[in-house]
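To start, the structure itself, in structure tokens.
The values are calculated or read from the model by the stated rules, or taken from the named source; none is laboratory data. Just so it is clear, the model here is predicted, and its values are computed rather than measured. Note that each Cβ is placed from the backbone with ideal geometry, even for glycine, and that neighbours are counted across all protein chains shown. Each accessible area value is taken on the protein alone, full model and side chains, heavy atoms only, with ligands, DNA and RNA left out. Shrake-Rupley method; radii C 1.70, N 1.55, O 1.52, S 1.80 Å.
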Amino acid sequence: MIKLENVSKVYKGDVVALRNITCEIQKGEFVFLVGPSGSGKSTFMRLLNKEESPDNGVIYVAGKDIGRLSGWRVPFLRRNIGCIFQDFKLLDNRTVSQNVAFALEVIGRPRHVISTQVPAILELVGLSKKADNYPEELSGGEQQRVSIARAFVNRPLILLADEPTGNLDPATSVGIMKLLDRINKTGTTVVMATHDRGIVDTMRKRVIELDSGNLARDQARGVYE
Amino acid sequence: MNFRIGNLFRELSYSLRRSFSLFVGTLLTILISMTVLGAGLVLSAAVETATDRWKDGVEFIVFLNPDASEAEKSSVTNKLNSSPEIDRFTFVDKEAAFVEFQSMFRDSDQIRESVAVADMPPSFRIVPESPESDVVETLADGFRDDPGVFEVVAAVDTIKDIETGSTRINRIFLIVGMALLVSALLLVYNTIRTTIFARRREVEVMRLVGASNWYIRVPFMIEGTLQGLLGGALTLPILQLWNNVLSDIGSGDGLALLADLRAPDQTVIMIWLAMTALGAVIGMVASVVALSRFLDV
Ligand SMILES: Nc1ncnc2c1ncn2[C@@H]1O[C@H](COP(=O)(O)OP(=O)(O)OP(=O)(O)O)[C@@H](O)[C@H]1O
Ligand SMILES: [Mg+2]
């Protein structure tokens, strides 16, 4: 599903964010990306949906070399990749269901599809009752569920989660992880960057550790350290 | 490209409500700059109509009586042909004079309907060798008392003053209009930049979920183009008013020196359409530039 071959990324000012990374992630895998702050986790994710381009190496997503993707095709790549973040990135002038519907509207999904998919996905994340609330009326955990619903409503092949529990307390984080696990069980490949030792150690999924841009460890059923 | 008009309208009304005063300010600036440019064009069209008889070097006109005989006409023709000081001349018969009159007064039915072909004086339009005004005056006086001559009118300095004066005024209108145009362009650019900034969250999410570049860009472009288009379109009543003002200032005397100082209605419409199109182009260009600078999709 995802394959990196000798990928390097250098930001301007000679900051080496990733150095010669080679790894492969199979369809349906759940992978934790760990490593200290500044080790290149977010950069790794941004390369996958072509928000950034590597300076060296080749990246395959769903069998395609995304470096050869022309500009107008990038949106189609992104429709296959859902993203969630520490800060949720919800639109506060829209309700929960409008936030989720937005993701479908802007890629031109027909209205009848939207009106069935949105309630279904809100049901999945357990927010049917809050459909008409605004983000500011929700707890952090609920907001993250909305952002997961938005990322997943289009049934992407891959879900990228950059520290999704970074702003949440442990109990709420467990709920979010259960949700991500369920999504992973539907066949979606999940890549999650995290600093949360507890989560990594209890889930026992594959762990890829980065250190100053180097691939330091790649361990099946791994732990945080 | 999948695109729904309903969504588009919602996006537009969002951004309108968010920055209404900015939108109105920009619109007004475009309106003013388009008005100044358009007014200059209307003025020059009006002057051209008013001085229509005096183009191509015609310096004086000998009008014959509407009922002048063939003999009277050919005696004037012979005199013109034999004078070494006359370069060339043309004869305008009753019918042609009628057509000219109708077009000079095309906007006032009353005047047009009050005359018939038979009432029109035929005339000679004369280009002398020298355009010096005393030479022209002397030449013109030589025809005043000939049989069958109704009136002799010389392109005295008034006409020349009007022509050079209007050219000068026009240049000022053009320069001021251009300066305003540049500020209109910058304002649209800044409005779009502000809108992009206000909507950066939406744009970020749209990119993440895979909205196409055009889907993201088009609402901004429409906003800019719409401002320009509206600003240009709203000039119509102002240009018409201006044309009326001109016409009040320079009411013509019909036969002789000047026709009405007034651009034909169709010309005003053409100028208005040009201003509307120009406004739309400016709005579009400004928003495209703003998008390419501030929206990296
Ligand atoms: N847009 C950018 N321009 C320049 N340098 C950047 C940019 N983004 C990241 N970097 C640098 O690249 C390195 C890797 O950053 P990255 O954000 O990938 O780390 P991270 O592992 O996600 O860190 P954290 O755990 O704090 O989120 C850092 O040194 C960072 O300063
Ligand atoms: Mg990061």
*Please work out if B:Ser166 is more than 30 Å from B:Ala290 (Cα to Cα) and either of a type in the set (A, V, I, L, M, F, W, C) or surrounded by 15 or more Cβ atoms within 10 Å (Cβ to Cβ) (or both).*
yes
*Within the range A:31-58, which residues are surrounded by fewer than 20 Cβ atoms within 10 Å (Cβ to Cβ), away from ligand 2 (no atom under 16 Å from the Cβ) and at negative phi?*
A:Ser53, A:Asp55, A:Asn56, A:Val58
*Determine whether A:Glu24 is open to solvent by 50 Å² or more (accessible area, probe 1.4 Å), closer than 21 Å to A:Ile208 by Cβ and within 14 Å of another protein chain (Cβ to nearest Cβ).*
no
*asked:* Condition first: of a type in the set (Val, Ile, Thr) and modelled with pLDDT of 95 or more. Now tell me which residues in the range A:93-112 satisfy that.
replied: A:Thr95, A:Val96, A:Val100
*Tell me, which residue of the range A:18-56 that is touching a residue at least 40 places away in the same chain (Cβ under 8 Å), closer than 20 Å to A:Gly67 by Cα and acidic (Asp, Glu) is nearest to ligand 1 (Cβ to nearest atom)?*
A:Glu52
